[in-house]
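Here's the structure, in structure tokens; my notes come after.
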């Protein structure tokens, strides 16, 4: 980053709008909390429980993060492998894609309880729900990307008789990467949603931020509910940040990264 | 090895158009190209010149007739890495440096490359040296997006020459470039060709380009796509920029233009 780039980060025009927005939202919240104490906890209480029970939140956040990342890896890898199969074999595409579409339009919130019945209160249903939520965007984007090699490029390598595997590895996969990352930007934060939905559906599970929320709300501990929500928002943002950093590294050649 | 690098024998290629119609892109086309010569194919749009190139490259199969490249079918020639293709666009891979781009064809289908090297006795292609000859030594570690369109097209030519192919097929490679870049690239192409001695089939729609580069100019006419004339260009080589201003050069340009007009009129009459 240039010196000017770093300085501009400190410029009030960059940070002031957000700071003002946060202050306005905070004041509105406090005003609401004064009037409706049974609906909104004062921000001070939320902060206090976060500090006092830091261990409790950290443990549960790690559980949810593990479920999210685990499901992400599971769903992402399955989707990527299927995308390769689907883009290479027309017959496989005809068999797999309709099933994938039906799976995608079925509400996940409806599938989750059924999975809990089938797989119990352990990690399995959470990984499956999170995996399912990550699966479809990666499958669709990657299979489109794998077939996005420009015709002249394909022709050049066909005249030197590049094998299918060589074409896949040297041409199709690199060209699909920007498409894959567009999907990852969506599913990284979405994986937290999957993990929480799974936790909320498993009434008897003992850990995770989703469980913490359902437990705290049943005991009317509003501050704890919002503290957990805040951590979930933070988790989602961190995952988005991670995928953005990864994308900058891997796709420095792509126009979305060079055009600023 | 035969002295004929390319032999096209009564080739017919028909594209279906709509529900019932069809377009005859190539109608009983015969063509032989002697090994080591530079042959241009010129004609108005829709005359089938690019189709002819794709059929020879093995990218399309003819509906009738036969094509042979150094005695092989186009598919066998591709499998043995005898062919090089320079398409209309540079078709470089945006994530690879210029050097890695021009070196990639050597990484695919390695077995054929190895057999070729054993037979010819020389080592692998020295891409750095070729890039230097094409004036790309300063940019070989840059990405394609960081260099000009003319340099990109030069890299595409180096990529094709790098395999030392027997037959180089070029499909209007300079059509998107400005006049100055075009003439400079024509000269570099001739230098490379002179050194590496491949047979070149060069599709173009520029009369002066065809005359400057070729030993023979093949004139084609559309509807149906066919060859109407084959003209020998008897000009001395090397053909530097000063030749472009000479009277003989202009005489050949006029001749080709005249035959092209004939190709148009024969279409209108039929």
If a residue has to be exposed (fewer than 14 other Cβ atoms within 10 Å of the Cβ) and not in a helix (DSSP H, G or I) to count, how many in region B:125-134 make the cut? 1
Restricting attention to region B:91-115, the residues that are outside any helix (DSSP H, G or I), under 20 Å from the mean Cα position of the chain (by Cα) and facing chain A (nearest Cβ under 7 Å) number exactly 1
Looking at this structure, is residue B:143 over 30 Å from residue B:225 (Cα atoms), at pLDDT 90 or above and either surrounded by 21 or more Cβ atoms within 10 Å (Cβ to Cβ) or within 13 Å of another protein chain (Cβ to nearest Cβ) (or both)? yes
Can you confirm whether region A:219-228 contains a residue that is crowded, with 17+ Cβ neighbours inside 10 Å, within 14 Å of another protein chain (Cβ to nearest Cβ) and more than 18 Å from residue A:130 (Cα to Cα)? no
Going through region B:223-259 one residue at a time, which ones are assigned to a helix (DSSP H, G or I), at pLDDT below 90 and surrounded by 15 or more Cβ atoms within 10 Å (Cβ to Cβ)? B:243, B:244
Only one of A:149, A:173, A:156 is in contact with a strand residue (DSSP E or B) (Cβ under 6 Å, 6 or more places away or on another chain) and within 14 Å of chain B (Cβ to nearest Cβ); which? A:156
Of all residues being in a loop (DSSP other than H, G, I, E, B) and out of contact with any helix residue (DSSP H, G or I) (no Cβ under 7 Å at 6 or more places or on another chain) in region B:72-87, which is nearest to the other protein chains (Cβ to nearest Cβ)? Just the residue, please. B:82
I'm trying to understand the selection: among the residues of region A:105-116, which are over 18 Å from the mean Cα position of the chain (by Cα) and under 15 Å from residue A:199 (Cβ atoms)? A:111, A:113, A:115, A:116
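How many of the residues making up region B:97-129 are within 24 Å of residue A:174 (Cβ to Cβ) and either in contact with a helix residue (DSSP H, G or I) (Cβ under 7 Å, 6 or more places away or on another chain) or free of Cβ contacts under 8 Å to residues at least 40 places away in the same chain (or both)?
Qualifying residue count, region B:97-129: 20.
Return yes when residue B:159 is away from chain A (no Cβ under 14 Å), in contact with a helix residue (DSSP H, G or I) (Cβ under 7 Å, 6 or more places away or on another chain) and not in a loop (DSSP other than H, G, I, E, B) and no when it is not.
Judged against the criteria, residue B:159 is not a match.
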Could you run through region A:54-64 and say how many residues are over 20 Å from the mean Cα position of the chain (by Cα) and either outside the structural domain of residue A:142 (by TED's automatic domain parsing) or free of Cβ contacts under 8 Å to residues at least 40 places away in the same chain (or both)? 2
Within region B:45-71, take every residue that is out of contact with any strand residue (DSSP E or B) (no Cβ under 6 Å at 6 or more places or on another chain) and under 25 Å from residue B:149 (Cβ atoms) and give me the one that is nearest to the other protein chains (Cβ to nearest Cβ). B:59
Return yes when residue B:31 is in a strand (DSSP E or B), closer than 30 Å to residue B:113 by Cβ and more than 14 Å from every other protein chain (Cβ to nearest Cβ) and no when it is not. yes
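The values are calculated or read from the model by the stated rules, or taken from the named source; none is laboratory data. Just so it is clear, the structure is predicted and the values come from calculations on it, not from any experiment. Note: ideal-geometry Cβ built from the backbone for every residue, glycine included; neighbour counts use all protein chains shown.
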